[in-house]
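Asker: Provided herewith is a single structure, encoded as structure tokens, for subsequent inquiry.
The values are calculated or read from the model by the stated rules, or taken from the named source; none is laboratory data. Given the structure is predicted, the values throughout are model-derived calculations rather than measurements. Note: ideal-geometry Cβ built from the backbone for every residue, glycine included; neighbour counts use all protein chains shown. With ligands, DNA and RNA removed, areas are computed over all heavy atoms of the protein, side chains included. Shrake-Rupley method; radii C 1.70, N 1.55, O 1.52, S 1.80 Å.
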Amino acid sequence: TAAPAATAATATAAIATTAASAAAAAATGAAVDAPPGAALAATGEGEEGGGGTAPAGREGSIARASAALRDALVTVDFFRPFSIDGETGMRYRGTGVVLDAAAGLVAVDRNTVTSTLGDASLTLGGRVTVAARVEYVHPLHNFALLRYDPACVPADVRVSAAKLAPRPLPPGAEVVIVGLKSGLNEDIDASRRVDFVCRRTRVANSGWIKLPLPNPPRFQVYNAETLGLEVAPPVDGGVLASDDGTVAALWVSCAYQPAPNQLASVFRGLPIELVARVADKLIADEAPPPWRSIGATLEPISLAAARQLGLDDATLAAHVRTPVAAAGAAGAGGPAGAGGANGAGS
């Protein structure tokens, strides 16, 4: 949204200051956050957000990922007029990724767009806000799809679609997390600047996370393989991408209830192929693929526990690795363990 005229000079000075900081960071190897379309464009480099020092020889890959995704990330605001489905909040904000600019299709997590009942808007490039409608909310996985009218976007605002490239991301795999950070307060102040964040990190773990059952019942992540990161900068959401900016996963907020009358969230990576299956159908003006479920929550258990529950020896042997194979897999697997500040399960 446009800044008030009285603050235009301040905003210009802030952008100039950020651009100068980014230029200095590029010379010293330091990393900074920057507003989309401002300091990043001035420096010609995609900056690595979250502080620290970028490893030598990797600034180019950060710049490529930034350039590929800078115009594909949008701020999503969602307002629901009253509480339904166990949800008590009314205003939400997160980060969406444009899947098709011509069709106006955007993916976002379900902790931002909680249901089809509500008003959604998108802020593109930090410069213009357009209305959107909720096109699809997945009944099980943590994503929703929005659609906006591309004709409502001014000609001077550039919007591009992210390139999706589903691929395995085992523990230790290097990725670039690209997202938006708004520094929201409790009142969801829409006038706050939204920063573009881009940082290289590694996958810490991949698997199922256990969240406490909500009361009252509401949507939360279950029966899904998600990704945790070693280091995850604070963002409203985003994507996990390769050096060239191709997207392998959404970085989504997963809401849960740690105690009665308390809400919290943890960020995890959602494999992009789950989103692509539905998005491809909607882009082709076809019905979303049918979804079938047995309505049960599944969780992994140890082989010892499974044996106590009656697992036969033949099936058990098929799941046991030899010590040599296990050692080799451990050596190739890379770092594992907790998913970082935002990537750990509860």
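Asker: So, LEU227, is that one assigned to a loop (DSSP other than H, G, I, E, B), touching a Pro at 6+ places or on another chain (Cβ under 8 Å) and open to solvent by less than 40 Å² (accessible area, probe 1.4 Å) or not?
Answerer: On the way: assigned to a loop (DSSP other than H, G, I, E, B): no; touching a Pro at 6+ places or on another chain (Cβ under 8 Å): yes; open to solvent by less than 40 Å² (accessible area, probe 1.4 Å): yes.
Answer is no for this residue.
Asker: For residues in segment 230-269 being polar (S, T, N, Q) and out of contact with any Pro (no Cβ under 8 Å at 6 or more places or on another chain), which is farthest from ALA72 (Cα to Cα)?
Answerer: ASN261
Asker: Anything in segment 171-226 that is among the aliphatic types (A, V, I, L, M) and at pLDDT 90 or above? List them, or say none.
Answerer: ALA173, VAL175, VAL176, ILE177, VAL178, LEU180, VAL197, VAL203, ALA204
Asker: Another question about this same structure. From the set of residues in segment 67-88 that are part of a loop (DSSP other than H, G, I, E, B) and among the charged types (D, E, K, R), which is surrounded by the fewest Cβ atoms within 10 Å (Cβ to Cβ)?
Answerer: Of everything passing the filter in segment 67-88, ASP85 is surrounded by the fewest Cβ atoms within 10 Å (Cβ to Cβ).
Asker: If we keep just the residues of segment 98-124 that are among the small types (Gly, Ala, Ser) and in contact with a Leu (Cβ under 9 Å, 6 or more places away or on another chain), which is nearest to VAL239 (Cα to Cα)?
Answerer: ALA107
Asker: What number of residues within segment 160-171 are closer than 17 Å to SER61 by Cβ and open to solvent by less than 50 Å² (accessible area, probe 1.4 Å)?
Answerer: Looking only at that region, the number is 3.
Asker: Take the residues in segment 91-133 that are assigned to a strand (DSSP E or B) and small (Gly, Ala, Ser); name whichever of them is surrounded by the fewest Cβ atoms within 10 Å (Cβ to Cβ). Explain how you work it out, then say what you get.
Answerer: Initial filter on segment 91-133 (assigned to a strand (DSSP E or B)): 91-100, 105-108, 119-124, 128-133.
Okay, now just the ones that are also small (Gly, Ala, Ser), so 94, 96, 107, 120-121, 131-132.
On the way: GLY94: 26, GLY96: 31, ALA107: 29, ALA120: 26, SER121: 18, ALA131: 12, ALA132: 26.
So, considering only residues that are assigned to a strand (DSSP E or B) and small (Gly, Ala, Ser), the one surrounded by the fewest Cβ atoms within 10 Å (Cβ to Cβ) is ALA131.
Asker: Can you find, within segment 279-301, the residue that is farthest from LEU311 (Cα to Cα) among those that are exposed (fewer than 10 other Cβ atoms within 10 Å of the Cβ) and of a type in the set (Asp, Glu)?
Answerer: ASP285
Asker: Another question about this same structure. Being under 29 Å from ARG70 (Cβ atoms), out of contact with any Pro (no Cβ under 6 Å at 6 or more places or on another chain) and open to solvent by 30 Å² or more (accessible area, probe 1.4 Å) is true for just one of ARG192, ARG199, ARG218. Which residue is that?
Answerer: Within the list ARG192, ARG199, ARG218, the selection yields ARG192.
Asker: Considering segment 235-252 alone, what residues qualify as being of a type outside the set (Ser, Thr, Tyr) and part of a loop (DSSP other than H, G, I, E, B)? Step through it out loud before you land on a result.
Answerer: Let us first name the residues in segment 235-252 that are of a type outside the set (Ser, Thr, Tyr), namely 235-241, 243-245, 247-252.
Answer for segment 235-252, where residues must be of a type outside the set (Ser, Thr, Tyr) and part of a loop (DSSP other than H, G, I, E, B): VAL235, ASP236, ASP243, ASP244, GLY245.
Asker: Condition check: touching a helix residue (DSSP H, G or I) at 6+ places or on another chain (Cβ under 8 Å), open to solvent by less than 10 Å² (accessible area, probe 1.4 Å) and not hydrophobic (A, V, I, L, M, F, W, C). Does GLY237 satisfy that?
Answerer: no
Asker: Can you say whether SER242 is within 14 Å of GLY269 (Cβ to Cβ), open to solvent by 20 Å² or more (accessible area, probe 1.4 Å), touching a helix residue (DSSP H, G or I) at 6+ places or on another chain (Cβ under 9 Å) and among the hydroxyl-bearing types (Ser, Thr, Tyr), as far as the supplied structure shows?
Answerer: It is true that SER242 is within 14 Å of GLY269 (Cβ to Cβ), open to solvent by 20 Å² or more (accessible area, probe 1.4 Å), touching a helix residue (DSSP H, G or I) at 6+ places or on another chain (Cβ under 9 Å) and among the hydroxyl-bearing types (Ser, Thr, Tyr).
Asker: Restricting to segment 253-306, what's the tally of residues that are in a loop (DSSP other than H, G, I, E, B) and touching a helix residue (DSSP H, G or I) at 6+ places or on another chain (Cβ under 7 Å)?
Answerer: Adding up the residues that qualify gives 3.
Asker: Need the failing condition index for PRO154 against (1) part of a loop (DSSP other than H, G, I, E, B); (2) crowded, with 17+ Cβ neighbours inside 10 Å, just the number.
Answerer: Result: PRO154 passes all but (2).
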